[in-house]
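**Q** One structure, pasted below without further comment.
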Amino acid sequence: MLYIHIPFCDSKCHYCAFNSYTFLHELKEEYMASALKQLKHDIEKYDIKKNSLDSVFVGGGTPSTVDSSLYKELFLIINSYIKPNAEITFEANPNSATFEWLKGIKNLGANRVSFGVQSFDDKKLKFLGRAHDSKEALLAIENAKKAGFEKISIDIIYSTLFDTEEFLNKEFETIKNLPIEHLSLYSLTLEENTKFSNTPNVVNERDEAYSHIIKKAKDIGFFQYEVSNFAKEGESSKSKHNLGYWQYKPYLGIGAGAVGCIKNIRTYPHKDVKKYINEPLFKECEELKTDDIKNEKILLSLRYEGGFDISLLDKKEREKAELLKKENKIIIKNSVVFNKNYFLADEIALFILS
Ligand SMILES: C[S@@+](CC[C@H](N)C(=O)[O-])C[C@H]1O[C@@H](n2cnc3c(N)ncnc32)[C@H](O)[C@@H]1O
Ligand code: SF4
């Protein structure tokens, strides 16, 4: 798996703590050249074989702020390292993902696009600090379809002050008619160093909201397969790349602050864009301890439908898992432990592992 980080954005949303900047646009060309250097170097260093990558994810920041032609050299290389049926996703924002941009990335090999929509209500979009309105979001989705994308996903944020049941029902009414097969529904979290971190009352987190969104998503044909991810029926609707993370597959991280993890070594390139441009091959390395890997694997598995093999647990932990099974909180089938409510993943992991 390969992740490429694009740290540029047109504006900073009030909730967002991702490594992204609105004032570094003039560095795009140099940045892409450094990403190319890192890609070439890492392919060799980690001995990545031709036709071996299952998925590529270009995320951000906002990949659609970078002209599609600036991805060309990266993809000349990437295309010989991916499997024939690899999933290639670009994240995009409705205000910058023009038809030409979408066509451009399609020509490079992209076959999936993930739009940050967040809401179809203009007041909520403004409150979140988004640079687009609802009309632009609908147009971007339509343009992606016209450009030939069969796999389109959108991100929606809920648990804001706006999100009463009635309000969310309206969002789902709009989503119902879209030509998309994947939906990420994120509960608003307050992140440090964001505009919202000083106004905690913007969050309206209610337990009922979780069951409500699961039901509404199901009513319009989207099934939950991870705590925040929903897909239409069929394996191919799910995000191969995200499934890879939850299954603890190795991945390369290219770009400023793009974490990678290969052979139990987690790598951290410079987060600062200028430092990254000057030293794209620099990485801090962290060796993961066996116990940390086990705990992480269990936590990730409890957040999605795949579950984990019970052989990961020691005797005492298995007894606790059996207890949870009796209480009907988890299912154990053919030695695999499945979570029944992904929103309780943290609590269940803590109970089993402590
Ligand atoms: C990498 S981010 C943004 C991608 C793209 N730039 C955009 O805005 O559409 C991916 C998604 O994370 C979600 N997200 C980011 N910060 C969040 C927060 N504090 N709470 C909930 N969701 C968040 C948003 O839905 C966003 O679309
Ligand atoms: S949500 Fe997307 S567009 Fe908004 S600041 Fe974060 S990365 Fe940029």
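**Q** In what order do Ser69, Ser64, Ser34 fall by count of nearby beta-carbon atoms within 10 Å, going from fewest to most?
**A** Values: Ser69 11, Ser64 28, Ser34 23.
In increasing order of surrounding Cβ atoms, one gets Ser69, Ser34, Ser64.
**Q** Which pairs, out of Lys151/Lys297; Lys103/Lys294; Lys124/Lys274; Lys195/Lys325; Lys249/Lys320; Lys83/Lys195, put more than 31 Å between their alpha-carbon atoms?
**A** Lys103/Lys294; Lys124/Lys274; Lys195/Lys325; Lys83/Lys195
**Q** On alpha-carbon atoms, Rg over Rh for the stretch 1-136 using Kirkwood Rh?
**A** So for the stretch 1-136, dividing Rg by the Kirkwood Rh gives 0.99.
**Q** Mind jotting down the three principal axis lengths of the stretch 223-327 based on Cα atoms? Whole angstrom, largest first.
**A** For the stretch 223-327, the Cα spread along each principal axis is 56, 37, 18 Å.
**Q** Shifting gears a bit: Which shape class, rounded, prolate or oblate, goes with the chain when its Cα gyration tensor gives a ≥ b ≥ c as root eigenvalues, a/c under 1.5 marks rounded, and past that a/b bigger than b/c marks prolate?
**A** Since a/c reaches 1.5 but b/c is at least a/b, the shape of the chain is classed as oblate.
**Q** Please work out whether the stretch 244-299 counts as rounded, prolate or oblate from its C-alpha gyration tensor, where a ≥ b ≥ c are the square roots of the eigenvalues and a/c under 1.5 means rounded, while otherwise a/b larger than b/c means prolate and anything else oblate?
**A** It is prolate, given that a/c is not under 1.5 and a/b is the larger ratio.
**Q** If you stretched the chain out fully between Lys289 and Glu173, how much longer would it get, using 0.36 nm times the residue separation minus the C-alpha to C-alpha distance?
**A** 37.1 nm
**Q** Which GluC sites (Glu not before Pro) in the stretch 150-233 sit in a loop by DSSP (not H, G, I, E or B) and have at most 10 other Cβ atoms within 10 Å of their own Cβ?
**A** Here the GluC sites (Glu not before Pro) that fit, given the DSSP loop and packing criteria, are Glu192, Glu233.
**Q** Going through the stretch 6-61, which chymotrypsin sites (Phe, Trp or Tyr not before Pro) have at most 10 other Cβ atoms within 10 Å and a DSSP loop state? Let's see the in-between values first.
**A** Details: sites: Phe8, Tyr15, Phe18, Tyr21, Phe23, Tyr31, Tyr46, Phe57; in loops: Tyr15, Phe18, Phe23, Tyr46.
Here the chymotrypsin sites (Phe, Trp or Tyr not before Pro) that fit, given the DSSP loop and packing criteria, are Phe23.
**Q** Here is a follow-up. Can you list the cysteines of the chain that have no other Cys Cβ under 4.7 Å away?
**A** Cysteines of the chain left without a disulfide-compatible partner: Cys9, Cys261, Cys285.
**Q** Can I ask one more? How about the stretch 1-64: which trypsin sites (Lys or Arg not before Pro) there lie in a loop by DSSP and see at most 12 other Cβ atoms within 10 Å?
**A** Those that pass, being in a loop and sparsely packed, are Lys49, Lys50.
**Q** Can you tell me what the convex hull of the Cα atoms of the stretch 290-353 projects to on average, as an area in nm²?
**A** So the Cα hull casts an average projection of 3.8 nm².
Read-outs: derived from the displayed coordinates by stated rules, not from any lab. Keep in mind that what you see is a predicted model, and the values were worked out from it rather than measured. Cβ coordinates were reconstructed from backbone atoms using ideal geometry, including for glycine residues, and neighbour counts include every protein chain displayed.
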